[in-house]
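Structure first, then comments.
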Amino acid sequence: MRMLLVCFVLLATSTSFSSAFVPSSRLGFKPEFLPEGSRSPPRGKETVNFFTRQKLDHFAPEDPRVFSQKYLELLDFFRPHNGPIFLVMCGESTCTGDYVTTYVGTLAESFGAAIVTVEHRYYGHSSPFQHLNLHNLKYLTSKQSLFDHAVFIDYYQDLINQKYNKTEKNPWIVIGGSYAGALSAWFRLKFPHLVAGSWASSAVVEAILDYSAYDKQLGVSVGPKCKQALQEITRLTEHGLVENATEIKYLFGFSPKDNITDDTLLAYVANAAAGEIQYGKIDALCDPLLKAEKSNRNLLKTYAKILDRINSDTNGNERDNESWDFQYCTEVGYFQVASDRKSSIRSSRINTQFFINYCAEQFGNGTFPDVKTTNLYYGGWNIAGSRIMFLNGSQDPWRHASKQTSSKDMPALVLRCHTCSHCVDLSAPCRETTANTTKCRELARAHAFIHSNFPTIAMSTPKYVVGLDFGTTFSGFAFAHRSNPSDIHSFYEWPSEREVGAKPYCKTQTSLLYSTSSPSPSSAPFLELQHWGHDAERHNSGSIFVTKFKLHLAPAQPSSSPPPLPPWFLLHRGLSVEKVTVDYLRCISSFAKLQLKELYKSFFREEEVQWCLTVPALWDDAAKEKMRTFAEAAGISSADFPVKIILEPEAASFYCQTKLIDSLKFKRNDTFLVADVGGGTIDTVVHTRAFQNGVKVRETSACSGAIGGATFVDEKMMSFLAEKIGCLPEFVKLAKNRMQLTKWWFQVKCSFDGSPDFASTWTIPGKLSKAWRKHDEKLGVERDYGEYDELKVNAADIKAVFDPEVDKIVHLISQQLDGSSDKVRYIFLVGGFANNPYLVTRVREAFKERVAKVFVPPNPGSAICNGAVMLGFDDRLVLSRISRKTYGMSSIRPFEVGDPLQYMLVDEDGHLCCENNFLVFVRKNQPVPQDSKVERIISPVGSKQEKVRLELYTSIKDHPRFVTEVGSTLEESFEIDVSSGVELGRGRAVLVSMFFGRSMIEVTARRLNFGNREEERVWSFPLESSYK
C-alpha cells in the first residue's frame, strides 16, 4: 500500500512523512526537527539512550504518576567549568540524537558546549501510555512539555556537577526549530531564570486556525510558472475524480482497498508539493513539471513519478503523527486551508470544515484548536520574552506564523534569511547549502554569541587580536593574546627590508607587483600577482608596480581630491582599486597568520582571531563599509569575530594614553588632541578622559581629517629634483635606481629639523650622471662636470618641500582646538611622519601658548596598529561620540511668522500649521552616549486619519529648520497604521525612538494609547561618528 504523504511537517530539513495511510496524517506538514541527510549517529559513534523519571502532571502535586523520558547527550566538546549547555528541543518526533551533525554541533564545537536533547512527551520512547485514547492524551500539551524541560535542567545540572566534581551552574541555551522553535521561545519566556537565551528557528509562535498564508507563500516561493503548473495538477486531479476516481487514485498509488476519500487524495496531492517547497527542493519539484509542460507530456503522470521519488526518500512514525494530530486539533491549529483560487495551489475543498471533520473523527465531536487561549498564554506574534533570536527564511511558508519584528531594545531579535527555506539555519551542511544560508548562519551566530544577545556565554574576548594599519605608503600589524592583552607585539622583520635599503621599521611598503602574460598572441593578457611589500619594490623591473592606491578609496574632499588614476589603472582592465586592495590585504593578513602560527604553534586557530582594520577619520560610512567588504573578501574575518573597522586617530588615542600614562600623570577630565600624520591622510580627534584611572574617554570634538602627509612631501621632493635633473623620471623607472634615490631622501626626510644651516648632498649614480649630461647637451645647457656628480640641497629647498604639508597639519590641529568644547591640555603626534623633527618643532611652536605640551610617544609609527589591538579587546572605551550629522524626521507644527507660505496648511479646527518641519532628535556635533535613546511623541493631524507616515531625515547642518533645505536627505519613510484607535481622533499617540548603539542607529515606533502596543522596527542605519 502506498503511504499517504499528508502529514503536517514544520521543521524537518530532510522531509519525514507518515508511513501510515490512515487519515491520522491528513492535515499536512507537522513540526519536527530533523537534520539534512541520513539519520546515522554522529561522527560514527553509537547513540546511547538515557532515561529519567518525569512527572505525568506537573499541575497536580497530589498525582504521583511518572513516566520514563528519553534524553541524549554529547559531551565531546564540553568545557565543564565554564562551557554552555545547549538544550535542543526535539519537538514532535522521535528523538534520534543526530542533532549534533547539524549546525548545532558546529556551534557546540566552537563554544565548548554540551548538547543535550530531551524527547517530547508522547513521542518516540517517551509516551506515558501504551494506548493513545482521548483520556490518556489530555496530558499532552506544550505547557506540560515546558515543565518537563524545566525539571530536566535541574536534574541534569546536578548530574553534570557530580560528574565533574563542581558546584557552579553552567549557562543554558535552548535551541529549536519550527514547533520546537516555538517551544524554545516559550521556554525562555516562561523560565528566564533557567536559560540565558533561545535560538528559535522558524518558530511558529502564533497559533492560527485557518493558515491560508501557508499556501500563498508556496506560490510565491516557486514562482508564477511552477505555481501555474501545480494549480493545473490540482485542477486535473479534481476533474479526474469526477470522471474516473478509481483511475486517478490508482495513478497516485492507491487501490480501492485503501478506501481513500476524494478530499484526502486532494490534500495528499497538494501537501507532497508543499513538502518539497518548504524544504527548499524547489528545482527538484518544478523542473520536471515545467519540462513536461513544454514537451506536452502528461503532467499528472510526471507529478506521480515525483511523488514516487518523495515516498522512497521518506519515513515516518504513525504514533508520533497521532500525538501531533491531537496537539494541532486542540492547541495550535495551523489548518492549511486553500487560499483564494488565484493564489492557492490546493483544492478549495481543503477548507476549515475538512479539518474540523477530521479532528472530530479522531478525537470526538467538539474537538477544536483553542488558538485564542494559546496565543493569550504565550503572546503569539507579540511574545514578550527577552533574549530570543528568531530566524526566518523568506521562502519558508511557516514564516508568517513566526515573530515578525524585533522587540524594544532588541531583547527579542528577528533575523531574515533571503531565499532560505524552513529551519535551514540549524540544518546540517550539505552540497545544497547556499551562500545566503551560510551568511545567515554567521549573522545569527554573531548576534547570539558575539554581540551579547546571549550575554552569559558571549565570547567577550577573542583568543588573538590583530590590529592591521593599512597605510598609503606603508602598512603594518600588531597582535596580542587574550592571556595578556597589554603585551602587544609589533612586527619589524619584513621580507626584503635590507635589500631595498630600508631601516628596521614596524611597517612594510603598501605595494604590489603584477606581471602580464597571454596564452597566445591573439588572446587578451591576464594579470598575475607576483610580489607584495618590500618584495614588490625589490623585483620591480618592467612589471606593473602598484602603490599608494589607498588614496583612491576615500571620498573626494572639498579641499583636496585624490590624484588622477595612474596609468596602470587605465592600461589594464584587470586592475581596479578593489582588486589591488583585496590582493594586498590578503597578502599581509596571510603573512600575519604565518607569524602567529610560528609563535603559538599548534595552539593557533585562524577562527579565533579578531581582526581590527584601521581607516582614516575623513572616510565616510560608505568608504568604511567598502573597506569592510574588501577585508572580508580578503579573508580578514570569521564567523565568531567579524572584522572591526576602527578609526586611526581613535586607535592612536589609546596607544598614547598607555605609553605616556607614567610621565603625564593624567587626571580625570584631562582633554587631549591626537593627530595621526601618516603617509596619505592627516586625522585628528579630541578626547576627554572619563576617569583618572583607565583609558575610557568621551569624544569632545568630532574626528576630522584631510588628504595629505608624508606621501605628498615625497612627491614634492621628486618634482623638485626633476626640475634640477630633467632625465630623473626616466632614470627612476628602474627599481634599483629608485631605491638609491629613496634611501638618500628618507635619511634627509627623517633628519630635517628646520635649522638654517641644514644641508645634504646626494652623490649622483654614474649612470644618471652620464644621462644627465647627455640630456643637457640636447637642450644646449652647459654645466661644470662636477655638478653632474652630486646635488646639494639646503634648508630653504627642503623647507619649501615640507611646508605645504606641515602648514596643512598645523591648520587642521588649530581647527580642532577651536572646535573643542573643553580646554585641550596635550597634543599627541603619531604616525610615520611624526618621526620628523621639523614637523614636531613647528607644531610645538604653533601651539605653545594653547596647550601644556606636545608629545610624540615612543615608536609613533606603530601607534595605530597597537591601539587597534587595544580596541579589539574592548571597543567600549569610548563612552560617547560626536554626531557628524543632524538626525530627525519631518513633522507638522503651529505656523510661525516667517515660515514659508507654501508650507502653510489649516487643520480641522482652523488652526494654521506648518509642514516639512525638521523635528530634531540629535544635532550635528552633539555628544551621543553609547546605547542611548532619544524619544519623540507624534499624533495624527486628522481625527479620522488611518495612517501616519514617518519620514526620516539627516542634515549636514547644526540647526536645520525644514527637511527641504539644502543639506537635508530623506533616508527612509515608513507608514504606521493608526486605524485601530480612530475613536481617539487626534489624541492617538505614537512614540518614535532613536536608539544609538556603538555603530548603528535604530528607529522604532510604538502606539502608546491604542491598538497593538508592540514596538515596530522602522529603520536601522550606520551612525556617522567615529566608529563603525
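The values are calculated or read from the model by the stated rules, or taken from the named source; none is laboratory data. Note that this is a predicted model, so its numbers are computed, not measured. Cβ atoms come from the backbone with ideal geometry, glycine included; neighbour counts cover every protein chain shown.
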Checklist entry - With respect to A852, is the statement that it is crowded, with 21+ Cβ neighbours inside 10 Å and in contact (Cβ under 8 Å) with a residue 24 or more places away in the chain true? => result no
Checklist outcome for this item: Within segment 498-531, residues being surrounded by fewer than 21 Cβ atoms within 10 Å (Cβ to Cβ), modelled with pLDDT of 90 or more and in contact with a His (Cβ under 8 Å, 6 or more places away or on another chain) number 1
Item to check | Residues of segment 780-837 satisfying the condition of being part of a loop (DSSP other than H, G, I, E, B), within 38 Å of the chain's Cα centre (by Cα) and of a type in the set (G, A, S) | outcome: S820, S821, G831
Checklist entry - part of a loop (DSSP other than H, G, I, E, B), modelled with pLDDT of 85 or more and touching a helix residue (DSSP H, G or I) at 6+ places or on another chain (Cβ under 6 Å), is that true of P495? => result yes
Checklist entry - Failed condition for Y122, given (1) modelled with pLDDT of 90 or more; (2) hydroxyl-bearing (S, T, Y); (3) surrounded by fewer than 22 Cβ atoms within 10 Å (Cβ to Cβ); (4) assigned to a loop (DSSP other than H, G, I, E, B), with all others met? => result (3)
Checklist outcome for this item: Reported set for segment 885-909 where residues are buried (at least 19 other Cβ atoms within 10 Å of the Cβ), in contact (Cβ under 8 Å) with a residue 40 or more places away in the chain and outside any strand (DSSP E or B) is K885
Next on the checklist: For the condition modelled with pLDDT of 90 or more and either hydroxyl-bearing (S, T, Y) or over 25 Å from A360 (Cβ atoms) (or both), what is the one hit in S312, S323?
Outcome noted: S323
Checklist entry - Restricting the first residue to segment 213-236 and requiring it to be assigned by TED's automatic domain parsing to the domain that holds Q336, which pairs with a second residue that is assigned to a helix (DSSP H, G or I) and of a type in the set (F, W, Y) meet a Cβ separation below 8 Å and a spacing of at least six or different chains? => result I233/Y303
Checklist entry - F78 fails exactly one of the following numbered conditions: (1) aromatic (F, W, Y); (2) more than 29 Å from the chain's Cα centre (by Cα); (3) buried (at least 18 other Cβ atoms within 10 Å of the Cβ). What is the number of that condition? => result (2)
Checklist entry - Before we move on, is A592 over 28 Å from F111 (Cα atoms), in contact (Cβ under 8 Å) with a residue 40 or more places away in the chain and not assigned by TED's automatic domain parsing to the domain that holds I827? => result no
Item to check | In segment 931-944, the residues that are buried (at least 16 other Cβ atoms within 10 Å of the Cβ) and polar (S, T, N, Q) | outcome: S939
Checklist outcome for this item: Every listed condition ((1) under 25 Å from I356 (Cα atoms); (2) under 50 Å from the mean Cα position of the chain (by Cα)) holds for V222 save (1)
Item to check | Selection status of L660, surrounded by fewer than 24 Cβ atoms within 10 Å (Cβ to Cβ), out of contact with any helix residue (DSSP H, G or I) (no Cβ under 6 Å at 6 or more places or on another chain) and touching a residue at least 24 places away in the same chain (Cβ under 8 Å) | outcome: yes
Next on the checklist: Checking the structure you have, find out if any residue of segment 827-844 is basic (K, R) and over 25 Å from W744 (Cα atoms).
Outcome noted: yes
Item to check | Residue in segment 988-1012 that is farthest from V934 (Cα to Cα), counting only those that are touching a helix residue (DSSP H, G or I) at 6+ places or on another chain (Cβ under 8 Å) and in contact (Cβ under 8 Å) with a residue 40 or more places away in the chain | outcome: N1012
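Quick grid of which residues meet (1) within 27 Å of S663 (Cα to Cα); (2) surrounded by fewer than 15 Cβ atoms within 10 Å (Cβ to Cβ):
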{"position": "W745", "(1), (2)": "no, no"}
{"position": "D753", "(1), (2)": "yes, yes"}
{"position": "T763", "(1), (2)": "no, yes"}
{"position": "Y785", "(1), (2)": "no, yes"}
{"position": "K799", "(1), (2)": "no, no"}
{"position": "P804", "(1), (2)": "no, yes"}
{"position": "D807", "(1), (2)": "no, yes"}
{"position": "G831", "(1), (2)": "yes, no"}
Next on the checklist: Can you pull out every residue in segment 430-460 that is modelled with pLDDT under 60, in contact with a helix residue (DSSP H, G or I) (Cβ under 7 Å, 6 or more places away or on another chain) and not hydrophobic (A, V, I, L, M, F, W, C)?
Outcome noted: N453
Checklist entry - Consider D676 against the criteria (1) outside any strand (DSSP E or B); (2) crowded, with 24+ Cβ neighbours inside 10 Å; (3) of a type in the set (D, E, K, R): it satisfies all of them except one. Which criterion is unmet? => result (1)
Next on the checklist: Going by what's in this entry, would R881 be described as part of a strand (DSSP E or B), at pLDDT below 90, within 39 Å of the chain's Cα centre (by Cα) and of a type outside the set (V, I, T)?
Outcome noted: yes
Checklist entry - Taking helices (runs of 4 or more DSSP H) that fall entirely within segment 293-369, which contain at least 1 residues that are touching a strand residue (DSSP E or B) at 6+ places or on another chain (Cβ under 9 Å), surrounded by 14 or more Cβ atoms within 10 Å (Cβ to Cβ) and without any contact (Cβ under 8 Å) to a residue 24 or more places away in the chain? => result 352-363
Checklist entry - Going by the structure shown, is V922 of a type outside the set (F, W, Y), touching a Phe, Trp or Tyr at 6+ places or on another chain (Cβ under 6 Å) and more than 26 Å from G985 (Cα to Cα)? => result yes
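Residues are listed down the side, and each one gets a yes or a no for (1) surrounded by 16 or more Cβ atoms within 10 Å (Cβ to Cβ); (2) at pLDDT 75 or above; (3) over 22 Å from K644 (Cα atoms):
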residue	(1), (2), (3)
E983	no, yes, yes
V992	yes, yes, yes
F995	yes, yes, no
S999	yes, no, no
A1005	yes, yes, yes
N1009	no, yes, yes
R1013	no, yes, yes
W1019	yes, no, yes
Y1027	yes, no, no
Item to check | Number of the exception - L779 against (1) surrounded by fewer than 14 Cβ atoms within 10 Å (Cβ to Cβ); (2) closer than 23 Å to T700 by Cα; (3) without any contact (Cβ under 8 Å) to a residue 60 or more places away in the chain | outcome: (2)
Checklist entry - Only one of V151, V204, V242 is assigned by TED's automatic domain parsing to the domain that holds I356 and either buried (at least 21 other Cβ atoms within 10 Å of the Cβ) or hydrophobic (A, V, I, L, M, F, W, C) (or both); which? => result V242
